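Please read the structure below before turning to the comments.
Coordinate-derived values only; no laboratory data. Not measured: the values here are computed from a predicted model. Here the Cβ is made from the backbone with ideal geometry for all residues, glycine too, and neighbour counts use every protein chain on show.
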Amino acid sequence: MTAPTTPAVAPARIHEHITDAMKAPDLIRLSGNVVLARFETMKVYAALGAVRTLLRRGRIVPGQTLIDSSSGIYALALAMACHRYGLRCHIVASTTVDAVMRAQLEVLGATVDQMPPSQSLRLDQERRVRHVRQLLARRPDFHWMRQYHDVVHYAGYREFADLVTEALPGSELTVVGAVGTGASTGGLVRALRGSGRAVRLVGIQPFGSVTFGSERFSDPEAIIAGIGSSIPFGNVRHDLYDTLHWVDFRHAMAGAVGLLREHAVFAGLSTGAAHLVGSWEAERDPGRLHLVIGADTGHRYAERVFARHAEALDPRTVRPDRIHTLDDLRPPWSVMEWARRSHPQSVVPAEESS
């Protein structure tokens, strides 16, 4: 056994604002061909990039109120970006936003309207959008950030792509991450491919999401925030994705608990699903480097996931069902070669596209 060595200490960097310290991920090698990009709050890239771009274009001005709906981590990222650039922030929060997150938002100066408890992701999202529209009707001076539909949220991920290029040089790369709003995986991969790099994109969806056609299913155990949607998202570019995995709550839980148990990384459910999927993909293609996106920490899942760790499936014993069409889709875990095609159901409703 090789004796442990003391790593070289990199020079400390002093940041001008907490967002600079938080935005870049820690890159952790999980195996020979799997690297985890572990974020505290990944959407700091989206919020900072969007706010800076909108300020530069004159679409917003200091002192203005920015408004959006969120299930959690985008809300915190937007509140911090507003704190940095002298803007006000109003969040229409999902029922899934917990007391700790709400307290952070309020201390940062954001005002928060939270939706009542709901067992339906669709109802929760529809209520939030309806409430935003009601507020905008009364306050036309508010700027709606529209994280689900405004492509400006792609802008910040170019910086992440530069970081990946520097840290993980080479030609072939597979990115594995939750689809969510589409901006994080889409922004990263579009920037990487734009530089000429050969990049596969593997997306992850929950059952019940309309984004890639699993809306006829339901997953009664949980709403997996940040992975899917019950309404179409304009920022999802279906033709960027090579492969799709649909993962249920119990399999995402297995990945999250397994990641903590095997690698001491405490991360959320979307990261757990990405870890599970990334490990399977890496086994099938051992000569290719796989970058797994870990969007946030596990704190908001402490009770629903990690306190139940004894119930978790062993991620080494589970495998997906390979399917060829959406008609064959079935829980608990399916995989399909999407082959970068468009989706006929991806059109954003008129009331959401304005």
For the stretch 281-346, restrict the atom set to alpha-carbon positions and state the Rg and Dmax in Å.
16.0, 41
With a bin width of 10 angstrom, please list the P(r) values of the stretch 219-324 as percents of all Cα-Cα pairs, from the 0 bin to the one holding the largest distance.
14, 46, 33, 8
Of the convex hull enclosing the alpha-carbon atoms of the stretch 97-143, the direction-averaged projected area in nm² is 3.9 nm²
Could you pull the Cα extents of the stretch 44-146 along its three principal axes, largest to smallest, in whole Å?
40, 29, 20
Mind jotting down the distance between the C-alpha centroids of the stretch 305-327 and the stretch 150-228, whole Å?
20 Å
Order of 228-236, 328-336, 288-296, 267-275 by packing, highest average Cβ count within 10 Å first?
267-275, 288-296, 228-236, 328-336
With n ≥ 4 as the cut-off for DSSP H runs, can you work out [θ] at 222 nm for the chain, using -39500 (n - 2.57) per run divided by the number of residues, rounded to the nearest 500?
-10500 deg cm²/dmol
Sparse-neighbourhood loop hits (GluC sites (Glu not before Pro), the stretch 250-353; DSSP loop; Cβ within 10 Å at most 10 others) -> 303
Loop-only trypsin sites (Lys or Arg not before Pro) in the stretch 142-249, please: DSSP not H, G, I, E or B, and at most 14 other Cβ atoms within 10 Å.
216
